Amino acid sequence: MATFDRAVTQKERDLVLGIASSRNLPVEVVTPGSEREPLRSRLLHVGDGNVEKLVLEMPTDAGRGVALRPDELVNVLLMINGQRYGFRSTVKKRDRKVLSDSVEVPTLVLDYPEQVIKLQRRRFFRVRIPSLNPMLVKCVVEKADTSNTKKSSVLRFETTAVDISSGGIALRVPKSMSKHIGVAVRMALLFQLQGFSRPIRIIGEVRHVRSLPEGGEQIAGVQFIEWQKTLPGRRAINWITRYVVGQQREELRKKSGME
């Protein structure tokens with residue numbers, strides 16, 4: 001099984017989108033940089049003569065339609081036979097479509113994506129960090145040596161977490177640090193979990209980086225590494241796991257109306 005997300009071939013891309021539209025498969029729609037939960041939709045149609053486009057049923061949030069704006073970027077996630085795929089596209093316009101049962105539904109027309117990504121299966125539950133209660137993370141990164149002096153140097157910066165799991169953390173990368181943060185870059189992390197008295201100290205390695213549509217910021221997916229080698233590392237993962245499980249229980253409690 002592949003370790004990292006990867007782009008599929010154009011032939012596989014067309015096959016995946018064709019299957020999803022012929023079955024009107026459910027999809028999740030995420031607006032990059034937004035704090036809202038993924039929106040629910042269905043893929044209704046692919047292509048229209050010589051015009052390459054996608055048609056989605058108008059996305060909903062808790063059953064209510066969310067009319068996204070033309071030219072707005074969206075990430076679309078779908079699943080076929082247990083395999084997750086994702087792609088990024090742009091909203092072309094809002095429209096309406098008559099289904100086979102003569103029911104007319106509001107839709108979004110998207111640009112046909114240049115690529116579709118086969119997503120690795122997540123092994124860990126992720127907890128989103130609300131912007132109103134941010135988690136500050138101090139990062140220390142080894143700076144690449146371009147002067148042939150072989151002198152090591154480090155860069156330090158502070159940022160906020162987007163989400164966290166027992167396997168890793170997603171961090172906002174300031175524009176000033178974007179050229180130093182890429183895949184395979186290692187960093188020392190220091191942050192405080194709500195409800196725990198001691199800070200977490202752990203090593204991470206960047207697995208993927210994606211750009212946000214505004215502000216020049218990026219999101220870096222960082223995997224926790226080498227924690228098995230030391231007692232503090234194992235303790236840190238234990239605390240992170242306890243925090244994530246606690247947040248998961250709280251989320252399920254709210255969704256079930258038991259709070």
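Over region 180-245, Cα pairs under 8 Å with separation of 6+ residues give a relative contact order of 27 percent. In this structure, the residue pairs whose Cα-Cα separation is over 28 Å, taken from LYS179/LYS229; LYS11/LYS175; LYS138/LYS229; LYS138/LYS179; LYS118/LYS143; LYS53/LYS118, are LYS179/LYS229; LYS11/LYS175; LYS118/LYS143.
Between the amide H of LYS92 and those of ASP71, VAL109, LEU110, ASP111, distances stay under 5 Å, these residues lying 5 or more places away or on another chain, with hydrogens modeled in the peptide plane.
Which of the three applies to region 182-249, rounded, prolate or oblate, going by the alpha-carbon gyration tensor with a ≥ b ≥ c and a/c under 1.5 meaning rounded? Don't skip to the answer; put the middle values down first.
Numbers: a/c = 2.36, a/b = 1.47, b/c = 1.60.
It is oblate, given that a/c is not under 1.5 and a/b is not larger than b/c.
Ligands, DNA and RNA excluded, the heavy atoms of ASP95 present near 60 Å² of accessible surface to a 1.4 Å solvent probe.
The values are calculated or read from the model by the stated rules, or taken from the named source; none is laboratory data. These numbers come from a predicted model, not from an experiment. Accessible surface is based on the protein model in full, side chains and every heavy atom, while ligands, DNA and RNA are left aside. Shrake-Rupley method; radii C 1.70, N 1.55, O 1.52, S 1.80 Å.
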